[in-house]
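Note sheet for the following structure.
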Amino acid sequence: MINKKFNINISQSIGDSKLITSFKINPEIISIFGPSGSGKTSILNAIAGINKPIEGKISLGDTIFYESKKNINIPINQRNIGYCFQDERLFPHLNVIKNLTYNFKNEENKNLSDIIDVLDLSKILKRRIKNLSGGEKKRVALGRALISKSNLLLLDEPLSGVEKNIKEKILCYIKIFSKIENLPVLYVTHDKNEVKILTKKIFCIENYQLNKVQEI
């Protein structure tokens, strides 16, 4: 089994402040909490390679994503990370199924049909993105992240705006998916009810530091 222990110890600029992030996790789900503007998305963007930290190290197993001392900063497309962005970032000129399967053929992913079912996307697969509701866009963005064949999942408010009647079903699937695929998952949300379903481990940003795990 591939080593997927995730390790981060970095500092990065958040406005005029410095945000310190330091923790290690096994392939499991952890949730990141903090007030608006505290740096939750900035942490995910640093992990994905969108933002460059000031200093430190980010690694997954034996793969180093970033290390300031060795001048390592591998490109986004080489990090093999599934990212569900808070603002979706879907391709507006493509329909739902083409957004979901942008980087591979349909038959290449064994989880595709399950994900379409869990996210209730079967009736809108041919619909263009511009014709979707906010909740539908969120589900498509989450689906794209789940089928990305990644070694790490970053989920930034993935269920905000999603209909309450299917939220719990989706959360239970994410929990099972993480275990089956042996994936570390970093989950950002303001909804503690979501966290209670997914995990008992949360990291709270306090005074621009994220390094203490809490259990709920």
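The values are calculated or read from the model by the stated rules, or taken from the named source; none is laboratory data. Worth saying up front: this structure is predicted, and the values here are computed from it rather than measured. Please note: Cβ atoms are built from the backbone with ideal geometry, for glycine as well, and neighbour counts cover all protein chains shown. Ligands, DNA and RNA are excluded from the accessible area calculation, which covers all protein heavy atoms including side chains. Shrake-Rupley method; radii C 1.70, N 1.55, O 1.52, S 1.80 Å.
Taking the longest Cα principal axis of the chain as reference, the axis of helix 164-181 is set at about 60 degrees.
Within straight-line reach of residue 164, meaning a Cα separation under 16 Å, sit the following lysines at least 8 residues removed in sequence or on another chain: 137, 138, 192, 196. Here's the list of lysines a cross-link from residue 52 could span, going by alpha-carbon distance under 23 Å and ignoring same-chain residues fewer than 8 apart: 4, 5, 18, 24, 40, 69, 70, 212. With a cut-off of 15 Å on the backbone N, the residues of region 143-160 near the modelled label site 7 Å out from residue 91 along Cα-Cβ are 144-145, 148. With every protein chain in place and a 1.4 angstrom probe, the accessible-area ranking of 128, 139, largest first, reads 128, 139. Per residue, the convex hull spanned by the alpha carbons of region 76-161 comes to 94 Å³.
In whole angstrom, note down how far apart the Cα centers of region 18-44 and region 72-144 are. Each part reduced to its Cα centre gives a spacing of 24 Å. Distant-in-sequence amide contacts of residue 120, defined by a placed amide H-H separation under 5 Å and a gap of 5 or more residues or a different chain, comprise nothing.
Converting the Cα gyration tensor eigenvalues of region 1-41 into ellipsoid dimensions via √(5λ) gives semi-axes, longest first, of 25, 13, 6 Å.
Partner aspartates and glutamates whose Cα lies under 14 Å from the Cα of residue 110, excluding those fewer than 8 positions away in the same chain, are identified as 181. Once backbone amide H atoms are built at 1.01 Å from N, residue 29 has 185 as its partners under 5 Å, excluding neighbours fewer than 5 places away on the same chain.
In units of the compact-protein estimate 2.2 N^0.38 Å, the chain shows a Cα radius of gyration of 1.00.
How large a share of the accessible area of region 76-216, in percent, is made up of carbon and sulfur atoms when the probe is 1.4 Å and the other protein chains stay in place? Intermediate values should be presented prior to the final figure.
On the way: 3450 of 7460 Å².
Answer for region 76-216: carbon and sulfur cover 46 percent of the accessible area.
When both bridge partners sit in the chain, DSSP labels roughly 60% of those beta bridges antiparallel.
One decimal place: the segment residue 172-residue 190 gains 4.7 nm when fully extended, by the rule 0.36 nm per residue minus the C-alpha distance.
For the chain, the mean residue ellipticity at 222 nm estimated from helices alone is -8000 deg cm²/dmol, where every DSSP H run of n ≥ 4 contributes -39500 (n - 2.57) and the total is divided by all residues, rounded to the nearest 500.
Solvent exposure of region 108-204 amounts to 46 Å² per residue of accessible area, where only protein heavy atoms count and the probe is 1.4 Å.
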